[in-house]
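Below you'll find the structure, written out as structure tokens, and then a few comments.
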Amino acid sequence: MDRIFWVRCPHCAGRFFCDYELRHAGLKLECPFCQRQFLPDESPELDERWFR
Ligand SMILES: [Zn+2]
């Protein structure tokens, strides 16, 4: 089972999920909708859950 978390892009408000390993990695996520990058903590919405 892999853990994921959902984020909302602060640029275009698109919602997508990422591998949980990236949650605290200090790496920027790339939005699949607008291709802009942001840190998980910059997301206006974070939803962490288990996912299989
Ligand atoms: Zn975006």
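Here are a few things to note about the model shown:
- Rounded to the nearest whole Hz, the Karplus-based 3J(HN,Hα) values (6.51 cos²θ - 1.76 cosθ + 1.60, θ = phi - 60°) of the range 41-48 follow the sequence 6, 8, 6, x, 8, 10, 10, 9, with x at glycine and proline.
- A 1.4 Å probe run over the chain, with the rest of the protein chains in place, finds 71 Å² accessible per residue.
- DSSP-defined antiparallel bridges as percent of all bridges, the range 2-51, nearest 5: 100 percent
- Left without a cysteine partner by the 4.7 Å Cβ rule in the chain: 18.
- Inter-label distance, residue 12 to residue 28: 1.5 nm, where each label sits 7 Å from its Cα along the C-beta direction.
- Under 5 Å from the amide H of residue 8 lie the amide H atoms of 45, each residue being 5 or more positions distant or on a separate chain, with H modelled from the backbone and absent for Pro and chain starts.
- Size of charge dipole - the range 2-51 - debye, nearest 20, with Cβ of Lys, Arg +1 and Asp, Glu -1, no other charges: 120 debye
- If you wrap the tightest convex hull around every Cα atom of the chain and split its volume per residue, you get 64 Å³.
- Potential lengthening of the chain between residue 47 and residue 3 amounts to 14.7 nm, from the contour at 0.36 nm per residue minus the alpha-carbon distance.
The values are calculated or read from the model by the stated rules, or taken from the named source; none is laboratory data. Computed from a prediction, not measured in an experiment: that's the story for all the values here. Glycine gets a Cβ as well: all are built from the backbone with ideal geometry, and neighbour counts include every protein chain shown. These area figures cover heavy atoms from the full protein model, side chains too; ligands, DNA and RNA do not enter into them. Shrake-Rupley method; radii C 1.70, N 1.55, O 1.52, S 1.80 Å.
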